[in-house]
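Below: the structure, in structure tokens.
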């Protein structure tokens, strides 16, 4: 069967987009008969971020006329912009129907918004084989809007296989009465080790990176920054990302007098910062495993300070960093202790990179995906 990888998201560039965008693009550029279907805006972000070369061969980039209209009208932060962008999803779904409604049976690997886009085709042509990747421990958090959750769950119930990022994701899906027989847990994300590498000379930089949402706890990091800087005056702090909490982040910067002290904003490519940083801070509320930003930071040889939740211990233990409670004082104390001991930081960072190389290489993850594809090939032969 021909493989069609569908990666759609018109709201941002996160870990799932970077991880699977790179893998799908490489598969589309390889020898197998694989096509990557992706919205043009996300393709551009992946290229600017250094995730892909932009020269991959078998790629169908879907134009986003409604999203372009939203940009032109200056509606980036308004509800109307959301609905205009979702009209592009309807257009994408129609295009897939036209192209594949009468085509020979294909294997579709679908991620994020691609689930909605492929759903009409799934209903019309149930003989197409569909794998859906679920990347968030909370399906409700992944979907975002309550009315869309039943639609997403309906698609999951009808697909052939579900690729769950972790056992926590799998447990959430089983709790929603989805068949555990078709839910497969992945090895837990993947990192491009050739892109994320440590610089020979590290700096006393402390980095927080991720979407500005409650789950990531960016405001908690800001609360710890004044104490960090008091303990280590030459430290340089970063809070990198965009998201709905941006207004509250701006308020916290003023309240804590951090304007001009901490660097903020979105960076498409985090490697130049992570490669020079000594400490990465990951403060997710439910689980830091397997945060894409955290894995990329570890690949860059940073020591980690992380909240002790979920399966975080699988990445952050006494050999790679420090786990703490979600408390500003504990965060500041842990970061300060690491910055004051560069040799310890280097030792932890080297162990962190080794752990990522051993457990989260692209070769391992590609082998996992190929086994999923072969499983579906065998089931239809």
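Each principal axis of the Cα cloud of segment 1-112 was evaluated for its coordinate range; sorted largest first, these ranges are 42, 35, 20 Å. Within segment 203-359, antiparallel bridges make up roughly 0 percent of the DSSP beta bridges whose residues both belong there. Summary of packing: across the peptides 308-317, 12-21, the per-residue average of other C-beta atoms within 10 Å ranks them, highest first, as 12-21, 308-317.
Would you mind classifying the chain by shape? Square roots of the alpha carbon gyration tensor eigenvalues, ordered a ≥ b ≥ c; an a/c under 1.5 is rounded, otherwise it is prolate if a/b is larger than b/c and oblate if not. Verdict is prolate for the chain.
Taking Cα atoms only, the orientation of helix 79-100 departs from the longest principal axis of the chain by about 40 degrees. For 47, 375, 80, 3, the sequence from fewest to most other C-beta atoms within 10 Å is 80, 375, 47, 3. Would you please classify the overall shape of segment 10-67 from the alpha carbon gyration tensor, given that a ≥ b ≥ c denote the square roots of the eigenvalues, rounded means a/c under 1.5, and beyond that prolate means a/b larger than b/c while oblate covers the rest? Oblate is the answer for segment 10-67, as a/c is 1.5 or above yet b/c matches or exceeds a/b. Taking every DSSP helix (H) stretch of at least 4 residues in the chain, weighting each as -39,500 (n - 2.57) and dividing the sum by the residue count yields a mean residue ellipticity at 222 nm of -14000 deg cm²/dmol.
Counting other C-beta atoms within 10 Å, which of 369, 295 has the fewest, and how do the rest follow?
369, 295
So how far, in whole Å, is the C-alpha centre of segment 245-290 from the one of segment 161-217? Answer, in whole Å: 18.
Sorting 149-155, 326-332 by their mean Cβ neighbour count within 10 Å, with the most densely packed peptide first, gives 326-332, 149-155.
Among 300, 159, sorting on how many other beta-carbon atoms sit within 10 Å of each Cβ, with the fewest leading, yields 159, 300. With the simple model of a label 7 Å out from the Cα in the direction of the Cβ, residue 73 to residue 158 spans 3.0 nm. Inter-label distance, residue 379 to residue 357: 3.7 nm, where each label sits 7 Å from its Cα along the C-beta direction.
DSSP finds beta bridges in the chain, and of those with both partners inside it, around 0 percent are antiparallel.
Every number here is computed from the coordinates shown, using simple stated rules; none is lab data. None of these values were measured; they are calculated from a predicted model. Every residue, glycine as well, gets a Cβ built from its backbone with ideal geometry; the counts of neighbours run over all protein chains shown.
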